[in-house]
Amino acid sequence: MKDVMNLTRFILEEQKAYPEAYGELTNLLLDIIFAAKIISREVNKAGLIDILGSIGKKNIHQDEVQKLDVYAQEVFEKILLHTGHISGLASEEKDDIIPVPPGYHKGKYILIFDPLDGSSNINVNVSVGSIFAIYHKISKGADADVSDFLQKGKNQVAAGYVIYGSSTMFVYTTGKGVHSFTLDPTIGEFILTEKNITIPKKSKYFSVNEGYYHLWDDATKKIVSHFKGQYSGRHIGSLVADFHRNLLTGGVHLNPPTSERPEGKLRLLYEGAPLALIIEQAGGSASDGKQNVLDIKPTDIHQRTPLFIGSKNDVKMIEETYAKK
Ligand code: AHM
Ligand code: MG
């Protein structure tokens, strides 16, 4: 029988490289894995039970809140707030930081996440995902405050995503390579799929929502025309799925600024920064058009950013074109 490496064992073996570690990060990652399994179970049942559709309200970003957004948010909160590994949470779905309730231990990490990214696609059975970033708590006192969340992406201790697709996969980094695992639903375990993933040097795809063409500046139009001549186009409109495809097959994903949204659409802290850490660990890069996403100092938990992410050469060409503007 060939060796079976499940995610729990893999994380425990990674921890061995840090003999001084108490296992708090390991346990936090295990909490996230538990949340991912529960969300995956529910996403797979969508269509069979009354969990599809919007709740009839908009969130702080003016997006329609889906029932599954609320469910995924609750799962993260219920699990993460009670295990003692974090001192606070922040999420796309909540305006403010979510504190650890009184009576529960507060840990040395903070977690910021997007519980269900791409949820506008869920009603038509398109892949969605969860994205997370973990930082050390840097403020004084037991409870996290906003300064803990406003750290540069390069300070991330770990980052990852779960893709709920034709199978459910968990992809993460603790700054020592990017590893992917596939959920075997028959045993409820994530099994190692690929260790030390690297993005292919030569891109195959570019992905961008061309519906915004009329709102782009000339530099953006030039960049997209350049890619059109070279690569095949693939765009899902679900960030985790677009990112995952490009990571494995080689490519670049563009979410450029528009005249209506010069600040970009995607959120820096729970979309841009965690995926930027992953792509950098996989040999690629991520930029807002001017600088490395991991170097941006956030001023707001929900701040937006343009995002260009994927193969290094493509991101470099994008930055050079914007610099000449
Ligand atoms: P969400 O977090 O509310 O789902 O929004 C983020 C999603 C990304 O998954 C996707 O890349 C992007 O929005 C698509 O936006 P648009 O349809 O405007 O191109
Ligand atoms: Mg999102």
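The values are calculated or read from the model by the stated rules, or taken from the named source; none is laboratory data. Quick caveat, the model's predicted, so the values are computed rather than measured. All Cβ positions, glycine included, derive from the backbone under ideal geometry; neighbour counts span all protein chains shown.
Just to be sure I understand the filter: pairs with C-beta atoms under 7 Å, separated by 6 or more residues or on different chains, first member in segment 291-303 and touching a residue at least 60 places away in the same chain (Cβ under 8 Å), second member of a type in the set (Lys, Arg) and in a loop (DSSP other than H, G, I, E, B). Which pairs pass?
As it stands, the answer is 294/152; 295/152; 296/152; 297/152, since those pairs meet every condition given.
Kindly indicate whether any position in segment 155-177 is farther than 25 Å from residue 92 by Cα, more than 16 Å from ligand 1 (Cβ to nearest atom) and in contact with a Lys or Arg (Cβ under 9 Å, 6 or more places away or on another chain).
Scanning segment 155-177 turns up at least one residue that is farther than 25 Å from residue 92 by Cα, more than 16 Å from ligand 1 (Cβ to nearest atom) and in contact with a Lys or Arg (Cβ under 9 Å, 6 or more places away or on another chain).
Residues to consider are 84, 47; find the one that is more than 18 Å from the chain's Cα centre (by Cα), away from ligand 2 (no atom under 16 Å from the Cβ) and modelled with pLDDT of 90 or more.
Residue meeting the stated conditions: 84.
Find the residue count for segment 97-142, including only residues that are in a loop (DSSP other than H, G, I, E, B), under 22 Å from residue 159 (Cβ atoms) and not β-branched (Val, Ile, Thr).
Residues flagged as in a loop (DSSP other than H, G, I, E, B), under 22 Å from residue 159 (Cβ atoms) and not β-branched (Val, Ile, Thr) within segment 97-142 amount to 7.
If residue 230 satisfies every condition in (1) exposed (fewer than 14 other Cβ atoms within 10 Å of the Cβ); (2) not assigned by TED's automatic domain parsing to the domain that holds residue 282 but one, which is the exception?
The one condition residue 230 does not meet is (2).
Pull up segment 106-121, narrow it to residues that are within 15 Å of ligand 2 (Cβ to nearest atom) and surrounded by fewer than 24 Cβ atoms within 10 Å (Cβ to Cβ), then point me to the one that is modelled with the lowest pLDDT.
Here the answer is 120.
Considering (1) of a type in the set (S, T, N, Q); (2) surrounded by 23 or more Cβ atoms within 10 Å (Cβ to Cβ); (3) assigned by TED's automatic domain parsing to the domain that holds residue 27, say which one residue 147 fails and leave the rest.
Result: residue 147 fails condition (2) only.
List every residue pair whose Cβ atoms lie under 7 Å apart, where the two residues are 6 or more positions apart in sequence or sit on different chains, the first residue falls within segment 110-126 and is farther than 15 Å from residue 239 by Cβ, and the second residue, located anywhere, is more than 14 Å from ligand 2 (Cβ to nearest atom) and of a type in the set (Phe, Trp, Tyr).
110/135; 110/149; 112/149
Residues in segment 313-322: is at least one within 16 Å of ligand 1 (Cβ to nearest atom) and not assigned by TED's automatic domain parsing to the domain that holds residue 129?
no
Quick check on my filter: what residues within segment 251-275 are β-branched (Val, Ile, Thr) and either outside the structural domain of residue 291 (by TED's automatic domain parsing) or over 24 Å from residue 205 (Cβ atoms) (or both)?
none
Could you identify the single residue in 131, 187, 191, 163 that is within 16 Å of ligand 2 (Cβ to nearest atom) and closer than 22 Å to residue 4 by Cβ?
Selected residue: 163, the only one of 131, 187, 191, 163 that is within 16 Å of ligand 2 (Cβ to nearest atom) and closer than 22 Å to residue 4 by Cβ.
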